[in-house]
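Okay, structure first, notes after.
Read-outs throughout are calculated quantities, based only on the coordinates presented, and are distinct from any laboratory measurement. Just so it is clear, the model here is predicted, and its values are computed rather than measured. Here Cβ is always computed from backbone atoms with ideal geometry, including for glycine, and neighbour counts include all displayed protein chains.
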Amino acid sequence: MKLLAASLFCGIVFGFGLAMSGMTDIARVIGFFDIFGNWDPTLMFVMGGALMVSLPFFQLGLGRLKAPVFSDMFRLPTRRDIDVRLVSGAALFGIGWGMVGLCPGPAFAALSYMNLDILIFTVAMMAGMFVVDLVDNLVTGEQASA
Amino acid sequence: MPQEYLIGLAGGLSIGVAAVLLMVLVGRIAGITGIAFNGVFQPMSHPWAVAFMVGLPLGAFAWHNLSETPVPAFDLPMAWLIAGGFVVGVGTRLGSGCTSGHGVCGIGRLSPRSIVATLIFMTTGVLTVFIRGLLS
């Protein structure tokens, strides 16, 4: 129960920051990408602000802690290889982000605006994630039966 | 410095604090791609992810109410929204992360994968907006 309350609280603070910083404002996001036109540098300050907290924590703070307060262990990614999936996935993500101006966090945060456009975007986004896993499962299934 | 830069900075600090708290309290990386996938498609095995996802719109709602900032406008053709959303979904799942997981947390961890991913998605975002500008 404490784990869920803590997680909910983190989500609220995260969503608060997303809305405050303008990440849910597609005009601002597109303006940030428009470096050859009417560039809006605000999101640089957003990323800077977030890294001012996360960088010192992950580099200096996390190693001093034994375990999370409400669960058994810290779960951290371990992979360091740069593969085709990572590169092509990131490239596609940037294209979609540049098309509409919403990335996954702000898409969910902006659901509170009760706007049908955002709901359509978010459902299409989850469908995209689902399709990747569907294809992955088909491929591994075929390999297993071959 | 324009006020919106300072508000952006403060919003970024809030995002960073939330990411650090999620690791300290729950032991998880604040990567929305993974959290959203687990929260939506595997809610029973990841109840913490559901709780976090519920918090996102609540937090945004709280900001607009407390600051009395109007909600931003959205008006895009439906086909464009669906195409853009689908590409974001495929890309983030394939590339194992988005702005939060790769950008905020991954760069914070100095992960080579995340630094490369962030540079790539920022570049293709810029290129997409540039090409849209040429075509319109």
Worksheet entry | Estimated inter-spin distance, A:PHE130 and B:THR123, nm [label 7 Å along Cα→Cβ] | 3.3 nm
Discussion item. I need the P(r) histogram for the protein assembly as shown: all alpha carbon pairs, bin width 5 Å from 0 out to the longest distance, whole percents.
Written reply: 1, 6, 13, 18, 21, 19, 12, 7, 3, 1, 0, 0, 0
Worksheet item: Under the rule of -39500 (n - 2.57) per DSSP H run of 4 or more residues, summed and divided by the residues of chain B, what mean residue ellipticity at 222 nm is obtained, to the nearest 500 deg cm²/dmol?
Response: -22500 deg cm²/dmol
Discussion item. I need the shape label for region B:77-136. Rule: rounded when a/c is under 1.5, else prolate if a/b > b/c, else oblate, with a, b, c from the alpha carbon gyration tensor.
Written reply: oblate
Fill in: 10 °C / 1.306 mPa s Stokes-Einstein diffusion coefficient of region B:2-75, Kirkwood radius on C-alpha pairs, µm²/s
114 µm²/s
Discussion item. Could you tell me the center-to-center distance, by alpha carbons, between region A:117-145 and region B:59-112 in angstrom?
Written reply: 18 Å
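Over all alpha-carbon pairs in region A:78-146, figure out the percentage whose distance exceeds 15 Å. Numbers along the way, then the final one.
Details: 1533 of 2346 pairs.
Taking all Cα-Cα pairs of region A:78-146, the fraction more than 15 Å apart is 65 percent.
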Item to complete: Assuming R0 = 30 Å, can you tell me the calculated FRET efficiency for the pair A:ASP83 and A:MET52, based on Cβ-Cβ distance, to the nearest 0.05?
Response: 0.50
Item to complete: Pick out which of B:ALA51, B:ALA18, B:ALA83 has the largest mean-square fluctuation in a Gaussian network model of chain B, springs linking Cα atoms closer than 10 Å.
Response: B:ALA83
Worksheet item: Given DSSP loops and a limit of at most 14 other Cβ atoms within 10 Å, what is the longest stretch of chain A that contains no such chymotrypsin sites (Phe, Trp or Tyr not before Pro)?
Response: A:40-146
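Can you pull the Rg over Rh of chain A, Cα-only, Kirkwood?
1.01
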Worksheet item: With θ set to phi - 60° and the Karplus curve 6.51 cos²θ - 1.76 cosθ + 1.60, what are the ³J(HN,Hα) couplings of region A:70-75 in order, to the nearest whole Hz, using x for Gly and Pro?
Response: 10, 8, 7, 8, 6, 9
Discussion item. As I understand it, the dipole of the protein assembly as shown uses +1 on the Cβ of Lys and Arg and -1 on the Cβ of Asp and Glu, about the Cα centre. Which of A:VAL123, A:GLN143, A:ILE26 lies farthest toward its positive end?
Written reply: A:GLN143
Worksheet item: Can you list the HN-Hα couplings for region A:23-39, worked out from phi with the Karplus curve (6.51, -1.76, 1.60; θ = phi - 60°), rounded to whole Hz and with x for Gly and Pro?
Response: 5, 8, 9, 5, 5, 5, 5, 4, x, 5, 6, 7, 5, 8, x, 9, 5
Discussion item. Strictly greater than 20 Å: what percent of every Cα pair in chain B meets that?
Written reply: 59 percent
Worksheet item: How many nm separate the modelled label positions at B:LEU135 and A:GLU142, each set 7 Å beyond the Cα in the direction of the Cβ?
Response: 3.0 nm
